[in-house]
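Scroll down for the structure; my scribbles are underneath it.
The values are calculated or read from the model by the stated rules, or taken from the named source; none is laboratory data. All values derive from a computational prediction rather than experimental measurement. Here the Cβ positions follow ideal geometry from the backbone for every residue, glycine too, while neighbour counts run over all protein chains shown. All accessible areas refer to the heavy atoms of the entire protein, side chains included, with ligands and DNA or RNA removed. Shrake-Rupley method; radii C 1.70, N 1.55, O 1.52, S 1.80 Å.
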Amino acid sequence: MGIQLDSGPTVKRHNYQQNAEINITPFVDVILVLLIIFMVAAPLATVDVPVDLPSNASTPSAPPTEPVYISVQADGGIFVQEQAVPLGQLANLTHGVTAGQLETRLFLRGDQAVEYGALMRVMNVLQKAGYSRISLVASEELEL
């Protein structure tokens, strides 16, 4: 907000006239800069690079006392603990192993050669059965 000062001889000390116009030029400049930044950064946020995800460099967390492992082999074979199971019976066998406790953490292990879609089908069957705590297991990264 600006004020206008008269330079005439009748100017009193507090007789200023207020200018009620807002200068929005800096605001528009900031908005345009942000718009340009987001327009440049948006295409960079998409993932379009093929990756190989089986190794993990973080420190492994302590396993629970009775872990439940679900394994998917390279040929598509599915195992709950060490028992082979078809995909249609996966939910029933998992309910039997976990005694029906849906809060049990399940560890999903997939072979490196397993296609991503097969692993997701197994995960979807488990989620539809009510299991929401599913962790993916990876081998530790070898330090060279």
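Stretching the chain fully between Phe79 and Glu21 yields a gain of 13.6 nm (0.36 nm per residue, less the alpha carbon separation). Residues Thr94, Thr25 ordered from highest to lowest accessible area at a 1.4 Å probe: Thr25, Thr94. Modelled spin labels at Val40 and Glu103, positioned 7 Å past Cα toward Cβ, are 4.9 nm from each other.
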